[in-house]
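Here's the structure we're looking at; comments come further down.
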Amino acid sequence: KNEVEQSPQNLTAQEGEFITINCSYSVGISALHWLQQHPGGGIVSLFMLSSGKKKHGRLIATINIQEKHSSLHITASHPRDSAVYICAVRSVGNQFYFGTGTSLTVIP
Amino acid sequence: GAVVSQHPSRVICKSGTSVKIECRSLDFQATTMFWYRQFPKQSLMLMATSNEGSKATYEQGVEKDKFLINHASLTLSTLTVTSAHPEDSSFYICSAFEVNTGELFFGEGSRLTVL
């Protein structure tokens with residue numbers, strides 16, 4: 001069983017659509033990270049969350065600690081949002097666990 | 001912001017040779033760095049956790065004698081793929097954990113091709 005489960009695995013959306021990617025985890029965590037990997041391979045950390053909600057531009061990340069669940073939302077999606085989004089959690093023992101990623105394609 | 005530099009970005013080598021990949025944290029001290037392998041169209045596979053001044057902790061199924069990790073300073077970790085074979089061809093990525101902020105910063109990745 002994976003410590004981090006992500007869904008969906010693949011997602012295709014029309015430009016302008018609202019997108020949600022979900023992440024569930026089974027370990028006690030210190031923080032949860034949402035990562036973005038573009039086709040070139042580079043990975044950036046979009047958010048680091050330990051509670052509540054964060055917003056950056058068109059991206060919103062939420063976390064529910066009791067339910068061990070986080071969501072990443074993209075509003076008014078754009079083709080440049082096409083990437084792989086990875087959920088990662090840092091356990092209370094500072095171990096990292098990674099989801100399998102969600103491949104997002106936004107069609108113009 | 002904090003930057004992690006990984007070098008080389010691409011390397012081609014002959015079967016049987018060894019290849020070293022460097023991961024540097026440029027503006028913070030990283031007591032912990034991570035090494036990942038990524039196969040095409042798949043997510044990151046954590047290979048090992050590299051701790052400054054001590055032995056790396058390898059994930060199950062990762063050969064420690066094949067993938068040598070050294071974290072000799074607070075800003076540098078190296079991954080050496082020893083006696084490389086074509087099946088070692090892959091995209092290798094490092095990341096560094098900044099303790100003060102809890103943030104995780106990633107290198108640009110290194111694409112290894114073994115002929």
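Worth pointing out:
- Lys pairs under 16 Å by Cα in the protein assembly as shown, provided they are eight or more residues apart or on distinct chains: 7
- Couplings 3J(HN,Hα) for region A:18-32, derived from phi with the Karplus relation 6.51 cos²θ - 1.76 cosθ + 1.60 (θ = phi - 60°), are 8, 10, 10, 10, 10, 9, 10, 9, 10, 9, x, 10, 8, 7, 10 Hz, where x marks Gly and Pro.
- Placing +1 on the Cβ of every Lys and Arg and -1 on the Cβ of every Asp and Glu, with no other charges, gives the protein assembly as shown a dipole of roughly 100 debye about its Cα centre.
- 29 Å tail of the calculated P(r), the protein assembly as shown, as % of Cα pairs: 27
- Taking 1.306 mPa s as the viscosity and 10 °C as the temperature, the Stokes-Einstein diffusion coefficient of region B:1-94 based on its alpha-carbon Kirkwood radius rounds to 117 µm²/s.
- Working from Cα pairs under 8 Å separated by at least six residues, relative contact order for chain A is 38 percent.
- Charged-residue dipole, Cβ positions (Lys, Arg, Asp, Glu), chain B about Cα centre, Debye nearest 20: 360
- Cα pair count fraction exceeding 19 Å, expressed as % - region A:1-73: 38
- Gap separating the Cα centres of region B:43-115 and region A:35-108, nearest whole Å: 23
Computed from the coordinates by the stated procedures, all read-outs in this text should not be read as laboratory data. All values reported here derive from a predicted model rather than from experimental measurement. Note: ideal-geometry Cβ built from the backbone for every residue, glycine included; neighbour counts use all protein chains shown.
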